[in-house]
Amino acid sequence: MAKSRGFVAVNTEECKGCKLCVDACPVDVLSISSLFNVHGYNHAEYEGQGCTGCGVCFYACPEPGALVVFKNWEKVRMNYHVIEKDIVIPLQIKDAKKGIAMSEDGAFEVDLSQFKNLHFTE
Amino acid sequence: MSGQILSKSSGFFDDYIHKPGEDKSSTHYCPGCGHGILHKLIAEALVDNDATEKAVFVSPVGCSVFAYYYFNAGNFQAAHGRAPAVATGIKRSLPDSVVISYQGDGDLAAIGGNEILHAANRGEAISVFFVNNGIYGMTGGQMAPTTLVGTKTTTTPYGRTLRNEGYPIQMAEIIASLKAPVYVERVMMADTKSINAARKAVRKAIKNQVEKKGFSFVEILSTCPTGWKMTPVQSQEWLISTYQEHFPLGVLKDISDQVEPLNLDHNYAELSQVPTLIDLPKENFEVHKENIPDVVDEEIIVAGFGGQGVLTLGVWLSEMGMREDLNVSWIPSYGPEMRGGTANCNVKMSTKRIGAPVIAHPTVLIVMNKPSLDKYGETLVENGIMLYDSSLMGDDLERTDIVKIPVPATKIANELGNTRISNVIFLGVLTGLSDFLDESVVRNTLPMIFKKRHLLDINLKAFERGLEISRAYKK
Ligand SMILES: Cc1ncc(C[n+]2csc(CCOP(=O)(O)OP(=O)(O)O)c2C)c(N)n1
Ligand code: SF4
Ligand code: SF4
């Protein structure tokens, strides 16, 4: 599996299962889940690996808060040491500020607003 | 692409607090609807141009009627098609704001066709985003002016035909043919490349406004999967394979680099200058404020037939109210009875600000013919004053809870030698009876209305006769 330069998180409760992101993703790492969200839509999900962080799905998606794309994932991960190795799936975004990540030790909350203040080098 | 994390733009509310119901985090749009994509592009462009604080959204009628649920910006809800007119008002009164007129094709190209043309032609310094999805989405899939020939909709069940409905209208081309607009582009939201181009166009239209460049218009070919009865993915494919052929993409006009920033400063009269400008010099006479009550809230209907000076009497009353520093409104009321030769007007005079100028239950009723008595007699409030022309009708209104004053106005007017002055007689009676009309104000105003000596003389006589009648009744 190619190294994941990016990471995409689906806020399953805001997704309407329209499939536009799935169709748009150039590396085919998104699909529609067999699980339903509260609204009754089969939501999108990320395979957990292979996202390049290109952001194409973000602009394809009509829902303002359904997708969050992290571009420089390796760096983000390093800053969030709690997120172990590659097992960060699924990262659920509760709103623009809070997220839930899963590690081998279980679920934990991630403060996403802090991500905006991180400085990365390309 | 900006930043390292792409997430919900701060141009949106964190929680959609204005949205009713439990769900405050997802939009009301159908799955895959283009409106959502455009919303994201606009929110991002506002943030990137540092314009969220001064952004005012004008939402249309159509599926995007609820845009105010989402954008963390000011919002006005315009009547169908009127967003450019509302945007004009906002931009002119708040020149530093960033005003966005967001409209669908039913809204902009059908019912609002006139509004957009003139706003564009005036070169209003606003940004217009025109969502061309080829259909009326909100109302359930009727034909829009942009619908392609052959397309079946609920109102073109056999498909649009040239014979019946004409050609799909190309708004961007029309707008670009006008002199004033500085930037007109047609884009599409169908795949990565086109969405990226749309993103740039949206950004430019907003940047132009921030830089005071003038009128920017972006037409966006967008999907309505529900109205089109296609999946979102099929809808986007159809935009690419079919729709764009009829609405060629590209920049149709861009002179934004060549024009100087507009001077959007107010160049309007100060409120205090208005009386002079409309020839209402106040300094000519004294207003005895002590003669006018602290609280005035009168709703006056004047009704009669054309030629009796019904509308004019209303205008005078409002003019006198203005001189007394009251808030006033005057509207002639056009009903089907206009054709029957009758006329009426609604006048409000108040120490409070006036909202709607229409009157349901007048406090004062001046009726100059029988049909008006029949029509309005019952609407008068309890203890209201009714002046009626007793030379033309009897008092057969069965109400004892109002003050009825018979005024033989036509008879007196004839005696004085001019039937047309009966309205001044009513003015005299009302001045004598009411506390909200100061006699000296009325007296001093009449010479400004009747500038010719002989007209003034006869009208002053008529006014005195009216005052005389009022003396028989206590104030
Ligand atoms: C004065 C008036 N006339 C008609 C309507 C009914 N109406 C509501 S939405 C609409 C059409 C909206 O179509 P469009 O502008 O294409 O927006 P969309 O819903 O496709 O986004 C109409 C005719 C109305 N609300 N007000
Ligand atoms: S584009 Fe957005 S709403 Fe549609 S399936 Fe993907 S995440 Fe869900
Ligand atoms: S009806 Fe069409 S335009 Fe309206 S929200 Fe649904 S898809 Fe969008």
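If the condition is being open to solvent by 30 Å² or more (accessible area, probe 1.4 Å) and in a strand (DSSP E or B), then segment B:349-398 contributes only B:Ile385. The set of residues in segment B:135-147 being open to solvent by 10 Å² or more (accessible area, probe 1.4 Å) and part of a loop (DSSP other than H, G, I, E, B) consists of B:Gly137, B:Met138, B:Thr139, B:Gly140, B:Pro145.
Picking from residues in segment B:42-73 that are aliphatic (A, V, I, L, M) and either farther than 21 Å from B:Ala109 by Cβ or in contact with a Cys (Cβ under 7 Å, 6 or more places away or on another chain) (or both), the one that is farthest from the other protein chains (Cβ to nearest Cβ) is B:Val56. Looking at B:Ser177, B:Ser93, which one is of a type in the set (S, T, N, Q), open to solvent by 30 Å² or more (accessible area, probe 1.4 Å) and modelled with pLDDT under 95? Going through B:Ser177, B:Ser93 in turn, the sole match is B:Ser93.
Here B:Thr52 clears all of (1) outside any loop (DSSP other than H, G, I, E, B); (2) more than 16 Å from ligand 3 (Cβ to nearest atom) except the condition numbered (1). For B:Asn75, the conditions (1) modelled with pLDDT under 95; (2) closer than 25 Å to B:Cys224 by Cβ; (3) of a type in the set (S, T, N, Q); (4) in the same structural domain as B:Lys212 (by TED's automatic domain parsing) all hold with the exception of (1). Number of residues in segment B:421-437 that are open to solvent by less than 10 Å² (accessible area, probe 1.4 Å) and outside any helix (DSSP H, G or I) equals 3.
Here A:Arg5 meets each of (1) free of Cβ contacts under 8 Å to residues at least 60 places away in the same chain; (2) more than 16 Å from ligand 3 (Cβ to nearest atom) with one exception, condition (1).
Rundown of residues vs (1) over 27 Å from B:Ala190 (Cα atoms); (2) more than 16 Å from ligand 3 (Cβ to nearest atom), yes/no style:
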| residue | (1), (2) |
| --- | --- |
| B:Ser59 | no, no |
| B:Gly89 | yes, yes |
| B:Ser101 | no, yes |
| B:Ile116 | no, yes |
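All of (1) within 14 Å of ligand 3 (Cβ to nearest atom); (2) on the phi < 0 side of the Ramachandran plot; (3) crowded, with 21+ Cβ neighbours inside 10 Å hold for B:Phe66 with one exception: (3). Residues that are away from ligand 3 (no atom under 16 Å from the Cβ) and either outside any helix (DSSP H, G or I) or facing chain A (nearest Cβ under 7 Å) (or both): does segment B:26-39 have at least one? Checked segment B:26-39: no residue is away from ligand 3 (no atom under 16 Å from the Cβ) and either outside any helix (DSSP H, G or I) or facing chain A (nearest Cβ under 7 Å) (or both).
The values are calculated or read from the model by the stated rules, or taken from the named source; none is laboratory data. These numbers come from a predicted model, not from an experiment. Cβ: placed from backbone, ideal geometry, glycine included. Neighbour counts: every protein chain shown. Just the protein is used for accessible areas: all its heavy atoms, side chains included, with ligands, DNA and RNA removed. Shrake-Rupley method; radii C 1.70, N 1.55, O 1.52, S 1.80 Å.
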